[in-house]
Amino acid sequence: MSSAFTPAKYLVKAEHALRAARLLSDAGEIEGACNRAYYAMYDAAHAALLAENSTDYKVTKTHSGLIAAFGLHIVSTNKISRELGRIFNFVGK
């Protein structure tokens with residue numbers, strides 16, 4: 001991943017994906033809405049890891065690596081609830 005990506009840029013991407021998810025949901029396009037909602041979570045997780053200066057960032061080149069690093073550095077350190085962490089882990093499978 002390019003070093004040009006910052007937590008703020010990932011959050012902008014997450015917000016765009018969330019807006020698209022809402023539009024698709026309103027249009028009855030549930031599969032597309034779920035896809036965009038997942039990527040909103042994915043980009044927000046990237047932002048959180050970058051903000052934490054996670055040393056595991058290199059493994060986040062894969063979805064499973066990102067989810068594992070997010071669980072280790074964000075969920076297990078109680079920065080977000082375990083319930084939200086489980087949801088991200090579940091939808092990422």
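Read-outs throughout are calculated quantities, based only on the coordinates presented, and are distinct from any laboratory measurement. In this text the structure is predicted, and so the values were computed from the model without any measurement. Note: ideal-geometry Cβ built from the backbone for every residue, glycine included; neighbour counts use all protein chains shown.
Applying the Karplus relation 6.51 cos²θ - 1.76 cosθ + 1.60 with θ = phi - 60° to the range 70-84 yields 3J(HN,Hα) values of 4, x, 5, 9, 10, 6, 5, 9, 6, 7, 9, 5, 4, 4, 5 Hz, where x marks Gly and Pro. Listing ARG36, ARG82 from fewest to most neighbouring C-beta atoms within 10 Å gives ARG82, ARG36.
Beyond 18 Å, how much of the Cα-Cα pair distribution for the range 7-91 remains, as a whole percent?
Summing the P(r) tail past 18 Å for the range 7-91 gives 43 percent.
Our summary gives the chain a relative contact order of 24 percent, counting only alpha carbon pairs under 8 angstrom and 6 or more residues apart.
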